[in-house]
Structure formats: structure tokens, C-alpha cells
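In what follows, a structure is listed as C-alpha cells, so that the remarks can point back to it.
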Amino acid sequence: MRKGQSRSGAGRGAVWALLLGTAAAWPAMAEARPRILTPMSAHAVLQRDRPIAVEGAADAGESVTVTLGGTSATATADAKGHWRATLPAMAATATPLTLTATGKDGAADTMDDLLVGDVWLCSGQSNMEYPTKQALNGEGLVKGAANNRIRLLDMAHHVGLSADEPLEKRPVWAAASPASVADFSAACYLMVKDLAAKANVPMGAIDSSWGGTKILPWIDATDARKLPGLSADADLLALYARDHAAGLRAFGDRWGDWWRKASGTKRGQEPWNAPDRLNWTPVPKFGPWEEWGVPELADYNGLVWFRQGFDLPTAPSGDGVIELAGIDELDTVWVNGVVVGATFGWGDWRRYTVPRSALKKGRNEIVVGLGDTYGPGGMFGPGDKIQFTPAGGQPIPLGTGWRYSVYKANDQSYPRSPWESHAGLGTLYSGMIAPLGPIGLKGVAWYQGESDVGLANYGDRLAALMTGWRRQFQNPELPFLIVQLANFGAPPVKIENSGWAALRETQRLAVLRDAHAALATTIDIGVRNDIHPADKNELAKRLVFAQGRLEAGDRADASGPMIASATRAGGEVVLRFDGVRGALHAWSAAAPIGFELCDASACRYANASVNGAEVRLADAQPGDVRVRYAWADAPVVNFYDEAPRPVVPFEAVITGN
């Protein structure tokens, strides 16, 4: 469970800011005193060596003086009461400062206990969200966490429909302490802890992550729109943001197109319009369908239809409300053939408004399309909380009489709404990144990708994410530290295709294409039967190393030993590596393992010998065109440089054929 508030919604020398970033949050009413509308709070860290912009609200035409330490700037509120003042860049300081905005008659707003140093944004899915208390030696890390020079901000989970949605509540910073660190991102905290010791300046860490999320929700919708196949989703999201009912109708049309194509039926024969066309079975109990004792559903991921109905004795006088209690994981709900809601959530409560136009006197039919992609799925209840409440009337219980119909196993091609949290379009960027405005950052640490294994275009999406975030934070050279996926899954006993390896390679190539990104390899610190490895300590060290080399301008050394070339030399293939500290060595064996030579149709293991930063693969065949290393979900690796850092997994084309 995330702590904090309920909502958190381009060149060198550009103004760096602590600001809200959206006029939608500024009130039009008269102000009793100036207000700082900055998405920060007391105890925050401001980025050193960058001009600081402060924005706020005051009476129209009012002059506002902003002071911070020994610096000051003035601004005048415009006709809407908005003002902006820019303070000069400041050097790092651990001496607490107070930010003050003073208007007429001396009325003022303040933020105190501000430090100046480096600020890091950490984001991604569950391995970034993974709490310090659960990390390796978590108890000791938490007990020794007190450090007033490290400040933490945990952004609450929030879905936003557009990037200009305002904050409902100011985010709250806190000094590092056992209480603030325990549930904070372990990877983020341990990284800034090491950086603070290394740089000897205050450190701010912002954790804006959400477990199980794909990369797409974290991309600004304006950038996502340009990616292959996403313009229609962007249009649907924009429509839903403007008009929920119209967006739901359009989403219902999408469901209709999908069902008719998948089932071969005609318009009007969809389950929500003609439910009697399906075979229905009574729901045995509320809870995961894996626990119903039905063999077909014992390990089922896919779509299941649910059906129920209720009677209205008179014509409805207004909109009603349907409550379906907890559902896992994707539901789309129709009442009398009209879509009334669509949500993603693992057991989250479902409550939807049913428009009067969808209701009628007499029998009303509810159909729920419930999709599950992983783990338990179903309507979880409790049954006594499932009900329909008509306008001006008493709740009608709906806890009994449900029926279900199974579609087909492992078919997850059904439509998903672009406004959902975990696979929507830009929804977490709008809700958890954009509300920060263009604050000053030292860099970004990104740990995500598990939920995108097997999906196309991850490299393009990662590039779009970095482009959009750099634009928001007004720094085209903003460093990104990308955590490559750890080893997870069954150990390989033969050569097979690997979605995890393919995504690691996509991450590697994305970093190579970006002049201000580096890779932190975790191929040796994962746990094959636990997708959440606890050793965030070593990960933090690798992130710090990568950051240091990027900052020093030594990008080739930042990511560890990485393939530079694969060249045929007679009956061998010669591999050369960049970023090698000292020489390469095989651990616990005479030679490194995990290399493969591949022709156009198949791969085979290859014997390797190592000399310095060079590897030779014997027995190359004339038809070999590619070489791979550590190409498996959970490969066993024994190949390191003297830092020591593991050789980065790769696939490379053999030249010289």
C-alpha cells in the first residue's frame, strides 16, 4: 500500500522550476494572501546549480516578492491571479532555507526547511516500488536510516486523464528516518544514500512508481500518439477526458467490433445485447474462479462473462448507481446493452453511475466482461455489498443469482481502455509525473519492463518516455539510468527463445542509441523463482557507478562490459567488448559459458576462450550470422570484468561473412 496523499497528479541554461505546471490548479477567486502553488512542501530538496522558478496565486495586479536565502525576485499577478518569479541558481547547502512569497500588507506564504543539493526521480513498476524494509538487510537499513540531509517524496498512485490535471493535495517531503524509509523504494533510497556519501551534498529522492504497470501509461500521451498503432487510443482517451459517456460509448463500439470478428456473429448478437446466445452456469461463490473447483478454471487466464438482472417497478427518475464490490482484474460493464464502466484493478472496488437513459421499467440486464491476465481472477464480493441503487430509491441487492460463461482460455485479445492505470495511454504520466512540473532533477532511475515482456515496440516506447520527460523537466541532456531486467524463471537446460532476453536486448539497444543514458545490469542478482529480488543493495551500487561515469563523460564505461563487435576470423568468431575494467574473466570455470552461435534457423552453444577484452568462439560454421550471450529468462552467468561487473547480455550480427 502506498503512503501519502490521494492524488499526485529544454536546453542547458533553461529555467529549472519548482512549479505546478498547470493553470487549471490556480483559483480565480480573490486571495487573502499570496500562495505558493508549488508541487513541493517544507523539507524538500531543490536542485543545485539551476535557476529556480516559483509560481503561485494572488490578487490580480498584486506585486509579490519571493525570497529564498539571500536571493529575491519580484512578480506581478496577471488578470487571472497567476504569478511567476525566477530565483538565481544556488550552490548546494545543508543549511535550512525558507521560501517566502510576500504580497500587499505583508501577507505571506512560506515553505521552510528547504535544502539545496541533487534531486533524483525514480520510477517504474514493482521492482522500483519494492520497499526498503523488505530488501536484503532491510531491518538494519531501516534502523540506521536517520539522515536529515536525505529527503524523500513518495508520490501516491493516481490515474490522470490529461497532463494538465492539478494536484488536489500538496505532496509531502520527509527527512530520511526509519518511519519514512521503511516503505520507500529500496533501489531509490539506497542509490541516493550512496550518492549523498559520494557527493557530500543533500539528496532528494522522488519515488513515483506503481507495481505491475506497462511502460505505456508512463509516456506523455502526446508522445505516445506518435507511436505505431496508438493514435486511435489517444483519440479515445481525449474523448473520454472531455465526455465520459461519449468515451464509454466509443469503447463499447470497440468491444462490438472485436466480438463480432472473434465470434463470427452479427451486430446485435453480442453478449451484452443477446446474452441468451451464451451458455450460462450458476456462479458457485464469490472469490477467485480458480477456487471454484471447476477444472476448466483451475488455472485460467482470459475472459469470463458474468450475468445478473434486477427489476424496476417504475420508470427511472434519474441516474442509478451499480456497485459490484471487488473485481480482479479487468471489467467492462453493460446495463441493457449500454457500457457504464470499465476499470483495471486487483480486487479494487467497482462503482459505476448508470445513466437514466440506459434504465427501464421492468427487467434490466447486467452483463460483465471480466478479463484476467495473471493470478487469481473473478468477482470477489462480498455479496452483501453488490447492489443497484435507483435514483431516490433503496438499494436493490444483487448478491445472489449470478451466472457465468467462459469464453476461451489464454485469449487476452479483448479490448482494454486507454484510461486504465496499468496499460492505459499516458495515464500515470498525467497522474504521477506531469504534476511535478519542470522541477530541477539530477537524473532519472527507471526500473520497468517485466510487464512488457513479449510485447512489441518497447525500444520506441522507452525512447518516447525519455524524450517526453526531458521536455517536461526542461533538460534534453537529463541522464537516465535504465535497469536491465534481472534473471527470473526456469534455468535453461536447452536453447530456447526468450522474451525476457529479447526485452533485455531492447533495453541495451535503447541505451546505446541515447547519448545520456546508461544501463545497470542485474543479470546475476535476480532470483529465478522470485520476480522481486531482494538485493537492491548491489543494484544501487551499479546505478551509482553508472551515474558517476555518465557525469564524468565516460559513457562507454558506464554500463559495464558491452559487446562492441563480432567478426569472423577463419573458423572462429572474435568478440570485442567496450567498457571493460581491467580484463574479462570466467568465474569458477576455465572458460565463460552462455555463448551461442546462430545460423538463419537455429542456435547452438559455443565454446569460448577469453583474452583481455576479447573472446573467441570456436567451431564457427559458414552459415552462422549471429552470436548471443546469456540468452534465456534466467541464464547462469560466470563472465565478469575486474570491477567486477557482469558482461551485459546481448545479441550481435557477425560481420565479415
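The values are calculated or read from the model by the stated rules, or taken from the named source; none is laboratory data. Keep in mind that this is a model prediction, so the values were computed, not measured. Positions of Cβ are generated from backbone atoms using ideal geometry, with glycine treated the same way; all protein chains shown enter the neighbour counts. These area figures cover heavy atoms from the full protein model, side chains too; ligands, DNA and RNA do not enter into them. Shrake-Rupley method; radii C 1.70, N 1.55, O 1.52, S 1.80 Å.
Quick check on region 569-581. Is at least one of its residues open to solvent by less than 50 Å² (accessible area, probe 1.4 Å), modelled with pLDDT of 95 or more, assigned to a loop (DSSP other than H, G, I, E, B) and β-branched (V, I, T)? Scanning region 569-581 turns up at least one residue that is open to solvent by less than 50 Å² (accessible area, probe 1.4 Å), modelled with pLDDT of 95 or more, assigned to a loop (DSSP other than H, G, I, E, B) and β-branched (V, I, T). Pairs meeting the criteria (first residue in region 459-472 and in a helix (DSSP H, G or I), second residue modelled with pLDDT under 95 and open to solvent by less than 20 Å² (accessible area, probe 1.4 Å), beta carbons under 8 Å, at least 6 apart or on different chains) are Q472/A434; Q472/L436; Q472/G437; Q472/P438. Filtering E270, E323 for residues that are of a type in the set (D, E), touching a helix residue (DSSP H, G or I) at 6+ places or on another chain (Cβ under 7 Å), closer than 30 Å to A163 by Cα and modelled with pLDDT of 95 or more leaves a single hit, E323. Go through region 473-493 residue by residue and tally those that are surrounded by fewer than 21 Cβ atoms within 10 Å (Cβ to Cβ) and modelled with pLDDT under 95. Residues that pass the stated criteria total 4. The one condition from (1) over 22 Å from the mean Cα position of the chain (by Cα); (2) at pLDDT 95 or above; (3) open to solvent by less than 50 Å² (accessible area, probe 1.4 Å); (4) more than 15 Å from V647 (Cβ to Cβ) that S565 does not meet is (4). The residues of region 59-93 that are among the aliphatic types (A, V, I, L, M) and surrounded by 14 or more Cβ atoms within 10 Å (Cβ to Cβ), listed by number, are A60, V64, V66, L68, A73, A75, A77, A85, L87, A89, M90, A92.
For the structure I just gave you, tell me whether A145 is open to solvent by less than 30 Å² (accessible area, probe 1.4 Å), of a type outside the set (S, T, Y), over 30 Å from G424 (Cα atoms) and assigned to a loop (DSSP other than H, G, I, E, B). When the stated conditions are applied, A145 passes them.
Among the conditions (1) surrounded by 13 or more Cβ atoms within 10 Å (Cβ to Cβ); (2) of a type in the set (A, V, I, L, M, F, W, C); (3) within 27 Å of A517 (Cα to Cα), the only one that I593 does not satisfy is (3).
Rundown of residues vs (1) in contact with a Leu (Cβ under 7 Å, 6 or more places away or on another chain); (2) in a strand (DSSP E or B), yes/no style:
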{"residue": "A79", "(1), (2)": "no, no"}
{"residue": "L99", "(1), (2)": "yes, yes"}
{"residue": "D112", "(1), (2)": "no, yes"}
{"residue": "N127", "(1), (2)": "no, no"}
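So for region 411-432 (the condition being open to solvent by 40 Å² or more (accessible area, probe 1.4 Å) and touching a Pro at 6+ places or on another chain (Cβ under 7 Å)), does at least one residue qualify?
Within region 411-432, not a single residue is open to solvent by 40 Å² or more (accessible area, probe 1.4 Å) and touching a Pro at 6+ places or on another chain (Cβ under 7 Å).
Is there a residue being surrounded by fewer than 23 Cβ atoms within 10 Å (Cβ to Cβ), part of a loop (DSSP other than H, G, I, E, B) and at pLDDT 95 or above anywhere in region 20-42? No, region 20-42 contains no residue that is surrounded by fewer than 23 Cβ atoms within 10 Å (Cβ to Cβ), part of a loop (DSSP other than H, G, I, E, B) and at pLDDT 95 or above. When N611 is tested against (1) within 20 Å of P491 (Cα to Cα); (2) open to solvent by 10 Å² or more (accessible area, probe 1.4 Å); (3) out of contact with any strand residue (DSSP E or B) (no Cβ under 8 Å at 6 or more places or on another chain), only condition (1) is not met.
A quick yes/no check of all residues on (1) of a type in the set (K, R); (2) over 26 Å from the mean Cα position of the chain (by Cα):
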residue: E323; (1), (2): no, yes
residue: I327; (1), (2): no, no
residue: V340; (1), (2): no, yes
residue: V354; (1), (2): no, yes
residue: S357; (1), (2): no, yes
residue: K361; (1), (2): yes, yes
residue: P382; (1), (2): no, yes
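Scanning region 351-385 for residues that are among the hydrophobic types (A, V, I, L, M, F, W, C) and within 13 Å of K285 (Cβ to Cβ) yields M379, F380. For the subset of region 268-292 comprising residues that are within 14 Å of G256 (Cα to Cα) and in contact with a strand residue (DSSP E or B) (Cβ under 6 Å, 6 or more places away or on another chain), which member is surrounded by the fewest Cβ atoms within 10 Å (Cβ to Cβ)? Among those that are within 14 Å of G256 (Cα to Cα) and in contact with a strand residue (DSSP E or B) (Cβ under 6 Å, 6 or more places away or on another chain), it is P275. Evaluating S185 against the criteria (1) open to solvent by 10 Å² or more (accessible area, probe 1.4 Å); (2) in contact with a Pro (Cβ under 9 Å, 6 or more places away or on another chain); (3) of a type in the set (S, T, N, Q) leaves one unmet condition, (1). W469 meets the conditions (1) under 15 Å from the mean Cα position of the chain (by Cα); (2) at pLDDT below 95 in every case but one. The failed one is (2).
Residues in region 484-502 that are farther than 17 Å from N529 by Cβ and touching a Leu at 6+ places or on another chain (Cβ under 7 Å): Q484 alone. Quick one: is R626 surrounded by 14 or more Cβ atoms within 10 Å (Cβ to Cβ) and modelled with pLDDT of 95 or more? Here the answer is yes, as R626 does meet what is asked. Got a sec? Which of K133, K169 is open to solvent by 10 Å² or more (accessible area, probe 1.4 Å) and in a helix (DSSP H, G or I)? Of K133, K169, the one residue that is open to solvent by 10 Å² or more (accessible area, probe 1.4 Å) and in a helix (DSSP H, G or I) is K133.
Yes/no per residue for (1) modelled with pLDDT of 95 or more; (2) over 22 Å from P435 (Cα atoms); (3) among the basic types (K, R):
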position	(1), (2), (3)
S208	yes, no, no
L216	yes, no, no
L230	yes, yes, no
L239	yes, no, no
R242	yes, no, yes
R249	yes, yes, yes
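A Cβ distance below 6 Å, combined with a sequence gap of six or more or placement on separate chains, defines the contacts here; from region 113-124, residues that are farther than 15 Å from A174 by Cβ reach residues that are part of a strand (DSSP E or B) and among the acidic types (D, E) in the pairs C122/D207. Residues of region 302-317 include at least one that is open to solvent by 80 Å² or more (accessible area, probe 1.4 Å) and of a type in the set (V, I, T). Please tell me if L441 is out of contact with any Leu (no Cβ under 6 Å at 6 or more places or on another chain) and assigned to a loop (DSSP other than H, G, I, E, B). Taking the combined requirement at face value, the residue does not satisfy it.
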